[in-house]
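Questions regarding the structure given below will be posed in turn.
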Amino acid sequence: MRSPMIILPTLALMLLTACETVKGVGRDVGNTGEVITESSRQVQQDL
């Protein structure tokens, strides 16, 4: 009976951590996209 009381909170913590990790990756990818877009605009203006 004690196993579910340990396993469930641990599983919930792992899932919440995974969500935060995915959210962070999404922000990083978004920031990278903005940098690439701005760089390409600068190159187009220089042409």
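Each reported figure results from applying straightforward, stated rules to the coordinates on display, with no laboratory input. All values reported here derive from a predicted model rather than from experimental measurement. Note that we place each Cβ from the backbone using ideal geometry, even for glycine, and neighbour counts take in every protein chain shown.
Starting from the range 5-20, take each residue that is surrounded by fewer than 10 Cβ atoms within 10 Å (Cβ to Cβ) and list its partners that are among the aliphatic types (A, V, I, L, M), counting only C-beta distances under 8 angstrom and pairs at least six apart or across chains.
Close Cβ pairs satisfying both conditions: none exist.
Right, here's the next one. Can you find a residue in the range 13-24 that is out of contact with any Lys or Arg (no Cβ under 8 Å at 6 or more places or on another chain) and either among the charged types (D, E, K, R) or at positive phi (or both)? So that I can check it myself, show each step before the final result.
Going residue by residue through the range 13-24, those that are out of contact with any Lys or Arg (no Cβ under 8 Å at 6 or more places or on another chain) are 13-24.
In the following step, the residues that additionally are either among the charged types (D, E, K, R) or at positive phi (or both) were identified as 20, 23.
Yes, the conditions are met somewhere in the range 13-24.
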